[in-house]
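Quick notes on the structure that follows.
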Amino acid sequence: MPSADELIGHHTVDGLLRAMRTAAPDADLTALRAAPRQIAPLSLRERADLLRDALLADLPDGYAALAAAVRSARDNDPDFTG
């Protein structure tokens, strides 16, 4: 059984990257692509914060743009479950 910290891991980042590439194809996603190299030593909360901060950095056009990308990912990627 995985530890709590492993609930958000490389598989989570990979799925999020895949979903965001589809939902926001013009976004560079630099911070999100860097996340797998940073995630290993972090606690569950720190992992969630890392991904939140990466999304905010990579989709910097405010809440409305970020919300639209997340909704698009939800609607177009059956594996994107939040």
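The values are calculated or read from the model by the stated rules, or taken from the named source; none is laboratory data. Quick caveat: nothing in here was measured; it's all calculated off a predicted structure. Every residue, glycine as well, gets a Cβ built from its backbone with ideal geometry; the counts of neighbours run over all protein chains shown. The protein model used for the area step is the full one, side chains on, heavy atoms only, and it has no ligands, DNA or RNA in it. Shrake-Rupley method; radii C 1.70, N 1.55, O 1.52, S 1.80 Å.
Overview of values
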quantity: Restricting region 28-59 to residues that are open to solvent by 60 Å² or more (accessible area, probe 1.4 Å), part of a loop (DSSP other than H, G, I, E, B) and touching a helix residue (DSSP H, G or I) at 6+ places or on another chain (Cβ under 9 Å), the residue that is nearest to LEU16 (Cα to Cα); calculated: ASP28
quantity: Single residue of region 1-38 satisfying the filter (without any contact (Cβ under 8 Å) to a residue 60 or more places away in the chain and among the charged types (D, E, K, R)) that is farthest from ARG74 (Cα to Cα); calculated: ARG37
quantity: Hits in region 17-57 - residues which are within 23 Å of ASP5 (Cβ to Cβ) and charged (D, E, K, R); calculated: ARG18, ARG33, ARG37, ARG45, GLU46, ARG47, ASP49, ARG52, ASP53
quantity: Only one of SER72, SER3 that is among the polar types (S, T, N, Q) and modelled with pLDDT of 90 or more; calculated: SER72
quantity: Condition met for THR22 (of a type outside the set (A, V, I, L, M) and at pLDDT 95 or above); calculated: no
